[in-house]
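Structure first, commentary second.
Each value in this text was obtained by applying a stated rule to the coordinates, not by laboratory testing. The model shown is predicted, which means the values in this text are computed figures rather than measured ones. Every residue, glycine among them, receives a Cβ derived from its backbone with ideal geometry; neighbour counts consider all protein chains shown.
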Amino acid sequence: MDKKISKKITTSLLKALKVSTVEKDVRIITMKCLLIIMLSILFIPQICFAGLQAINPDPNDEANGVSIGCILSWGYKTANLPEFANVYIDDILYAVLTEDDQYMDRYDPPKDFDYDITYRWRIDLLDNHGKLWEGDVWSFTTQSCVPELATIILLGFGSLVFVKFR
């Protein structure tokens, strides 16, 4: 807004309210303080708590050749622990971890993963204010069912045969 227009509006308002120059300065300072307080109330909690998020997944995002018996684990972006941690694998809720659980930073699935499959997983966190923070989606691919290196020794006609699988 143009300064001249702003000054005219302010002067008109002050005249209408019959406010002296001294009162005007005090009210402007008071209004600025109230504005700062209002902005603080609105934005500081979001800045402080926006980090309630699971980070550093293990297995790493887009990892390949992951053991079928792996345990999923993660860290937290802040020191504030959530009330609940929901573990999703391929969009299915597998576990709800609470502060009563021994660990809220890992999940050991009840059965092994399948061979040579890409899984997507995420951790959603519920804070102590009831807000659910949806986590990033990570993925990993499990190991192939054929070992990386296998050697077969065949005895036949007095010769050894070595077969290497990849």
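General remarks:
- Filter result for residue 108 (under 19 Å from residue 58 (Cβ atoms) and touching a strand residue (DSSP E or B) at 6+ places or on another chain (Cβ under 9 Å)): yes
- Residues of the range 91-105 that turn out to be of a type in the set (Phe, Trp, Tyr) and surrounded by 14 or more Cβ atoms within 10 Å (Cβ to Cβ), as a count: 1
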